[in-house]
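Novice: Attaching a single structure in structure tokens format; questions to follow.
The values are calculated or read from the model by the stated rules, or taken from the named source; none is laboratory data. All values reported here derive from a predicted model rather than from experimental measurement. Quick reminder, even Gly has a Cβ in these numbers, built from the backbone with ideal geometry, and neighbours come from all protein chains shown. When the accessible area is computed, the model is the full protein with side chains, heavy atoms only, and any ligands, DNA or RNA have been set aside. Shrake-Rupley method; radii C 1.70, N 1.55, O 1.52, S 1.80 Å.
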Amino acid sequence: MIFEYDKEQLDRVLADFYEMTHLSVSIWDADFHQLGFQPKEMPPFCKMIRSKREGLELCRKSDMNILRKAGEEQCPQTHICHAGLCDTAVPIIYDGQLLGYLIFGQIKYDDSVKNDARIKSISSFLKINEKKLSKHYDGIAPRTREYINSASRILYASTAYLWLSEMIKINKNYLPAQIDSYIKNH
């Protein structure tokens with residue numbers, strides 16, 4: 001199947017979600033390509049880690065793991081990323097077909113204990129300033145587990161709006177989509 005994404009409208013929905021929750025949020029297609037992100041400026045902690053090629057690769061690997069799990073389970077999945085922050089992936093499903101994903105996160109639980117050893121290890125591995133990274137970690141607003149669970153349920157319920165409003169469309173008339181459908185059915 002061929003999916004069409006209205007990136008401008010999707011970006012508006014992400015901006016609204018961010019404005020209401022102050023949680024970073026992104027949307028991905030079914031092939032794990034990021035289509036949009038809000039806010040446009042990444043939190044300093046994550047930005048510092050992603051500024052190094054190895055850090056960016058660890059973040060991508062973490063994102064791919066949670067996306068795959070959400071797609072396989074076909075329900076929201078929450079995990080702690082390699083850097084110790086909470087991320088939640090929400091699959092966008094229509095008629096049993098996986099259309100894409102929403103991820104929100106880059107946050108810490110309010111009952112999280114700062115893992116100085118993890119920050120030291122990340123800083124050492126990436127050759128970045130440990131004190132600065134630690135300060136950026138301290139600047140991340142903590143959220144309760146119930147807050148995160150509530151945001152997950154609301155975002156999951158909202159995924160139907162994305163295809164009902166045709167922000168994500170399935171182009172069933174496209175020849176490769178028809179061939180794909182025929183192969184799957186025969």
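Novice: Over all directions, the average projected area of the alpha-carbon convex hull for region 1-70 comes to how many nm²?
Specialist: Quarter of the Cα hull surface area: 5.5 nm².
Novice: Could you name the aspartates and glutamates whose alpha carbon sits less than 18 Å from that of Lys120, not counting residues in the same chain fewer than 8 places away?
Specialist: Glu54, Glu130, Asp138
Novice: Placing unit charges on C-beta atoms (Lys and Arg positive, Asp and Glu negative, everything else neutral), compute the dipole magnitude of region 17-134 about its Cα centre in debye, rounded to 20.
Specialist: Taking the Cα centre of region 17-134 as origin, the dipole is about 780 debye.
Novice: In region 113-155, what trypsin sites (Lys or Arg not before Pro) fall in a loop by DSSP, with at most 14 other Cβ atoms inside 10 Å?
Specialist: Those satisfying the criteria are Lys114, Lys127.
Novice: Averaged per residue, what accessible area in Å² does region 38-166 show with a 1.4 Å probe, protein chains only?
Specialist: About 54 Å² of surface per residue is accessible.
Novice: Hey, what D do you get for region 28-139 in µm²/s if you plug the Kirkwood alpha-carbon radius into Stokes-Einstein at 37 °C and 0.692 mPa s?
Specialist: Value of D from the Cα-based Kirkwood radius: 221 µm²/s.
Novice: Please give me, ordered by residue number, the GluC sites (Glu not before Pro) of region 34-91 that lie in loop per DSSP and have at most 11 other Cβ atoms within 10 Å.
Specialist: Sites meeting the loop and neighbour criteria: Glu41.
Novice: Taking the Cβ-Cβ separation of Met20 and His79 as r and a Förster radius of 25 Å, what is the calculated FRET efficiency to the nearest 0.05?
Specialist: Result of the calculation: an efficiency of 0.60.
Novice: How far apart, in nm, are two points set 7 Å out from the Cα along the Cα-to-Cβ line at Asp95 and at Lys47?
Specialist: Spacing of the two 7 Å Cα→Cβ label points: 4.3 nm.
Novice: Once the piece of chain linking Lys7 and Ser121 is laid out straight, how much longer is it, given 0.36 nm per residue of separation minus the C-alpha distance between them?
Specialist: Between Lys7 and Ser121, full extension yields 37.3 nm more.
Novice: While we're looking at this one, here's another question. Which trypsin sites (Lys or Arg not before Pro) does region 36-107 hold that lie in a coil by DSSP with at most 10 other beta carbons within 10 Å?
Specialist: Lys40
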